[in-house]
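The values are calculated or read from the model by the stated rules, or taken from the named source; none is laboratory data. Fair warning: this is a prediction, and the values are worked out from it, not measured in the lab. Methodologically, a virtual Cβ is constructed for each residue, glycine included, from the backbone with ideal geometry; neighbour enumeration extends over all protein chains shown.
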Amino acid sequence: MTEHEQATDGPEGGCGAPGERGRVEEVLDEAAEELAEFAAEAREELTELGEQVEAGFRTLRNRVADFLDRDAGEVPPEGE
């Protein structure tokens, strides 16, 4: 039997047994806390990934600009 089933089933298998409502609320509160923690961690990881993607695009944009400048003859190739 799952924790949810244990928390919601009364002594005869029916929901609503005396004292069980508090346990259901406790399980729901725990689940809500875990979900909030997961969401915070996911938000943090996504922020970090977003920053890495932005840095990658900046690097790519700069390299393309350098290439185009060299191709146009405005900047000598590296090493010359």
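All of Val24, Val64, Val53 fail the test of being touching a helix residue (DSSP H, G or I) at 6+ places or on another chain (Cβ under 7 Å) and part of a helix (DSSP H, G or I), apart from Val24.
Looking for whichever is modelled with pLDDT of 95 or more and either within 31 Å of the chain's Cα centre (by Cα) or surrounded by 10 or more Cβ atoms within 10 Å (Cβ to Cβ) (or both) here; the options are Leu49, Leu68. Which one fits? Show your work before the answer.
Numbers: Leu68 fails: modelled with pLDDT of 95 or more.
Testing whether each residue is modelled with pLDDT of 95 or more and either within 31 Å of the chain's Cα centre (by Cα) or surrounded by 10 or more Cβ atoms within 10 Å (Cβ to Cβ) (or both) leaves just Leu49.
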